[in-house]
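Note sheet for the following structure.
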Amino acid sequence: MKTSDYPIGIFDSGVGGLGVFQSITKLLPQQDIVYVAGNKYLPFGEKTTEQIQQISEKIVRFLIDKHQVKMVVIACNTATVASIAYLRTRFSIPFVGVVPVVKPACKQTKTGCVAILSTPLTADGSYINDLIQKFGRGVKVLSIGCPGLADLVEAGKVETPEMEALLCNLVAPAMKHNADIIGLCSTHYPFIRDQLQKIVGQSVVILDSNEPVARQVKRVVATLPQSDTTAGRQAQYQFYATADAEKFKAVAQQLVGNTVVCDVQLIDL
């Protein structure tokens, strides 16, 4: 088989990367995909850099050894920041990660204030703060760590009073300082976009990385040796969870539909 006949691998800490998965399937509808949820190790946002590198390496090795993936998408901001450079030294296949939307947020603001929502590890890390220093000159950038937010999405508690209360608390500084752009720097967060929009109002623009990541994946795929055997074929999707496969399946179906996530296999990594 040519490289193009092999699947793309995607991994995240849990269901968050399914938004990236959806965006990729829209641009590459005949592309086979293997998705791994590292939910055994939740929450990623409270792990050390070294721990995330070890977890990521295990998942990538599984994707290569079991499925011969041609590239890997790290559909997780925290894992991208902590491990993409490390993984590129360990494996020869292409990697695409999730870049925090600091640059477009700072570029688009009209009030001169933006809020960046991310996991605690990402918010405290040098990577996102370097981006803020680079692109946030003359802009007030509120970097807001969001403990517990990804956990609620992971539990399927998206449209709940608990989620609303947490979001109101998290975005209070953004509303106080008249931020007109909110950047979602966790792949879990786009799943609560509608609830967030209701709280901050329609005048506030909410940005995420799902579509930019998908476009980059399409660009990388185009550089690989191509095959003409994919025309008209039905893409095959496989899903794995490293813990509680049934719970992952239930929440995944809630978020993206049960016709997409039909089966989830449990793997021990």
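Every number in this text was worked out from the coordinates using simple rules, so none of it is lab data. Bear in mind that the values here come from a model prediction, so they are computed numbers and not experimental data. Ideal geometry is used to build each Cβ from the backbone, glycine not excepted, and the neighbour counts take in all protein chains shown.
Some observations on this one:
- Percent RCO, i.e. relative contact order, over the chain, from Cα pairs under 8 Å lying at least 6 residues apart: 27 percent
- Pairs of Lys residues in segment 102-208 that lie 8 or more places apart, or on two chains, and have C-alpha atoms under 14 angstrom apart add up to 6.
- Using alpha-carbon coordinates, inclination of helix 245-256 to the longest axis of the chain, degrees: 60 degrees
- Taking 0.36 nm per residue of separation and subtracting the Cα-Cα distance, full extension of the segment from residue 218 to residue 129 would add 29.2 nm.
- Choice from 161, 100, 212 with maximal GNM fluctuation in the chain (Cα, 10 Å cutoff): 161
- Rg of the Cα atoms in segment 1-114, relative to 2.2 N^0.38 Å, amounts to 1.14.
- Proxy reagent accessibility, fewest Cβ within 10 Å first, across 208, 244, 180, 124: 124, 244, 180, 208
- Over the chain: Rg over Rh, Cα atoms, Kirkwood Rh: 0.96
- Rg and Dmax of segment 102-208, Cα atoms only, in Å: 12.9, 39
- For segment 36-167, the Kirkwood radius over C-alpha pairs fed into Stokes-Einstein at 20 °C and 1.002 mPa s yields D = 132 µm² per second.
- C-alpha long axis of helix 49-67 to longest principal axis of the chain, angle in °: 30 degrees
- Normalised contact order of segment 83-203, rounded percent, pairs of Cα under 8 Å and 6 or more residues apart: 33 percent
- Nearest-20 debye value, the chain charge dipole, Cβ charges on Lys, Arg, Asp, Glu: 900 debye
- For the chain, the longest principal axis of the alpha carbon atoms and the long axis of helix 161-176 meet at an angle near 60°.
- Here's the list of aspartates and glutamates a cross-link from residue 58 could span, going by alpha-carbon distance under 17 Å and ignoring same-chain residues fewer than 8 apart: 12, 50, 268.
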